[in-house]
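The values are calculated or read from the model by the stated rules, or taken from the named source; none is laboratory data. Everything numeric here is computed off the predicted structure, so don't read it as measured data. In case anyone asks, the SASA skips ligands and DNA or RNA and just uses the protein heavy atoms, side chains included. Shrake-Rupley method; radii C 1.70, N 1.55, O 1.52, S 1.80 Å.
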Amino acid sequence: MSVMNNFGLIALRIPKECPQIFRKNLSQEYYLFDNRYEINEKYQMPRFKKVVDTTLLYGDYIHIGAIVGKNGSGKSSIIDMIYRIMNNVSAVLETQINVNQLIFIDNLYGELFYSVGKKMYRVSCLNHKVSLSQISGTLIMDLFRCNITGIGMDIEYGTIYDAKMCLTKLFYSIGTNYSVQSYLPSSYIEEIGHRIKNSFQYLKSGKDIWIKDVFNKNDGYVSPIVLNPYRGVDGTIDMENELELTADRLLSILYYYEKKGAQFLIDYSIPKIEFKYDNRALDRKFKRDGILTFNIKSFKKDISLAKSFARVIIDQYDIEQGGGQTYPYGYYMALAYLVYKTLNIASKYQNYSKYSRLATKNYYQEADKEEVKLIEGLVQQICADSSHITNKIKQTLQYLKIKDCKFQDSVCIEDYYKTLYSSLNDKKEAKELKKIIDGESKNINVITRNLPPPIFKPIITFVKTANKAETTLNKMSSGERQMICTMSTIIYHILNLQSVEGDKDRINYKNINIIFDEIEICFHPEYQREFVEGLINALKFLNNGIGRVKYNFNVLIATHSPFILSDIPSLFTLYLDNGEAADEKNTIGNPFGANVNDILRHSFFLDKGFGGEYSKKVITEVINILDKETLYEEGDDVNIIERTKQIKDFIDNIMGEGIIKECLRRMYSNAIDQR
């Protein structure tokens, strides 16, 4: 696109009716993310004012903007308003397709404007009136509008639209914020909401808080929003679990990158990916889900019962077994995981909800005729499901095809793929796997479905390019891990969105909104400097390399980093000062490619200078002493010789080089001469 990017946020409107608990210190009605627009006050909407060819900036399908300002200026408040609006419109639409995950926030007033190509859209949430509209000039066409009352919900659609089509006209938002101070439930406890069913169901303040549900992603990517990393009920992040998830998410991506000779992490190569057999894997999963500890003897007994739940599930998968053959421990571990994951899918995912009653059954319980039919339907749906939801089931089924279920210790990924290839009877499967081994496959989902199952623990070896030193993910620095976690999370969600593409029962989003808040946490300035380029390369790689679907990306970065801002023009930057959009004339003309010191001074409102406040105080005290010229006054408790030495040492050995140091030297010389 030469004039307009394919997808981008334009503006946020916060009407005066919006309560203080939502707007915080945001005092204006409009906040522009894209300065090619201006606000038409008469019609209460943005209008295009400035044609700018952005082809040479980020490309056709990537748009990047920023929000900058001091702490407390309103950056996170802006982002929270975006999340609330998307939460509410989703809470309305998802009820129309039998999904009921999100809590509708009461008394919220806000509107979000965005563009797709040359079309402009508005998501409006004015308390109980919610709508999605397409705007052409001053003409507004509602794609849907809804009014929630005390007895239910009155919803109307445009002539060719329904709930699913409206969701596809929206965008999918992936938000990340690793700050421990963010998204604490206590910060949102006053934001009362309710779940929308057939009637208005209010939830008491403190019993359930809307933001908790936005972290869950068990709806098959129906609701157009997810926040990362996942936080527990108290708002805390389990970083051990996050690290484990990161390693799991990285496997197929890193394998693909290495096969293509590409570099996922700057300054590192990945020569080796191993899988170590983990005989405690099921114990941890069972404990996490409140199930009794896994016992191999008990499980063998369970599957020996002809009509037990475990036996019926395994039989439905039609797993080949040799009569009277003695199988290794790993074989039974794989079978147990297969049963566990099958029932887990039935309990977690909305599109498997008709099988949810099966999830409460114990493995050894006898299944009646109705339950056998339910299990049959569940397994059939799982086998036909090519989305991310069933990847681990497919991994386990592939592993069970390997003769004698080898690898009871550890195996590298190449040897595993080769052994699996020699065990496959299905020609189509064998052909797909051969492409993976030869580095010819572009389908990440196929690479993922053929990885070892979760009874193996992945061990990824990273090698530093500079000194060839080896390390693993858990031994890397916090900044390196932070970079890997951030990038892998974004790629993971985009790949999952790709995996549901084409499924008529799910939402096929085409536009993805990525929001980074506090992105520079743990990042050295060099990582900050390289972040935008690394992100753009990853998004291009997804669209042009491994991606089956091409997406339009809008990226919004709330940052304090001048290095990040130097990669974003002022055209797409919202400057905030104490809750208000700052006048562009008071900021640097354009931070894109500008000197970092200039960006610091003008774009981050450092009107009190660049130096630390304490060093400024100490230097001022030294200047005051030197201003006395004699270096000594009656009543000083330091003698003249000692004071002279202190000041000389401070100037020569403590002060940094520069104009101030030279001025202090001159003042010191004048004082000595005067004495």
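When only Cα pairs below 8 angstrom with a gap of at least 6 residues are kept, segment 6-75 shows a relative contact order of 32 percent. Across the protein chains, with a 1.4 Å probe defining accessible surface, the residues Y329, Y363 rank Y329, Y363 from largest area downward. Rounded to the nearest 10 square angstrom, M141 shows an accessible area of 100 square angstrom against a 1.4 Å probe. Rolling a 1.4 Å probe over the protein heavy atoms leaves D154 with an accessible area of roughly 90 Å².
Please label the shape of segment 113-202 as rounded, prolate or oblate, based on the square roots a ≥ b ≥ c of the eigenvalues of the alpha-carbon gyration tensor (a/c under 1.5 means rounded; beyond that, a/b larger than b/c means prolate, else oblate). It is oblate, given that a/c is not under 1.5 and a/b is not larger than b/c. Taking 0.36 nm per residue of separation and subtracting the current Cα-Cα distance, fully stretching the chain between K259 and E240 would add 4.0 nm.
Residue order by solvent-accessible surface for I82, I39 is I39, I82, largest first, with ligands and nucleic acids left out and a 1.4 Å probe.
Take the alpha carbon gyration tensor of segment 447-524, find the square roots of its eigenvalues, order them as a ≥ b ≥ c, and report rounded if a/c is under 1.5; if not, report prolate when a/b exceeds b/c, else oblate.
Oblate.
Our note on the geometry: Cα centres of segment 1-63 and segment 650-675, 52 Å apart. Estimated at the nearest 10 Å², the accessible area of E440 is 120 Å² with a 1.4 Å probe.
Leaving out ligands, DNA and RNA, what percent of the accessible area of segment 370-457 is carbon and sulfur, probe 1.4 Å? Reported share for carbon and sulfur atoms: 47 percent.
Rounded if a/c is under 1.5, else prolate if a/b beats b/c, else oblate: with a ≥ b ≥ c from the C-alpha gyration tensor eigenvalues square-rooted, which is segment 404-504? Cα axes put segment 404-504 in the oblate bin.
Considering the values [x] 1.11; [y] 1.05; [z] 1.07, which represents Rg/Rh (Cα atoms, Kirkwood Rh) as calculated for the structure under consideration? Label of the calculated value: [y]. Rolling a 1.4 Å probe over the protein heavy atoms of segment 1-138, with every protein chain left in place, gives an accessible area that is 48 percent carbon and sulfur.
Among bridges DSSP assigns within the chain, what percent are antiparallel (round to 5)? Percentage antiparallel, nearest 5: 70. Here segment 445-511 and segment 220-263 have alpha carbon centers that stand 6 Å from each other. Which links in K118/K169; K272/K418; K16/K42; K373/K403; K24/K50 stretch past 24 Å when you go from one Cα to the other? In this structure, K373/K403; K24/K50 lie more than 24 Å apart at Cα. For segment 94-109 versus segment 387-442, the inter-centroid distance based on Cα atoms is 41 Å.
Adding -39500 (n - 2.57) for every DSSP H run of four residues or longer, then dividing by how many residues the chain holds, sets the calculated 222 nm ellipticity at -11000 deg cm²/dmol.
The amide H of I459, built 1.01 Å from its N in the peptide plane, has E274, F275, K276 as neighbours under 5 Å, considering only residues 5 or more places off or on other chains.
In what order, largest first, do D517, D652 sit by accessible area if the probe radius is 1.4 Å?
In descending accessible area the options line up as D652, D517.
Here segment 218-281 has 46 percent of its accessible surface on carbon and sulfur atoms, given a 1.4 Å probe and all protein chains in place.
Over the chain, accessible surface divided per residue gives 46 Å², non-protein components excluded, 1.4 Å probe.
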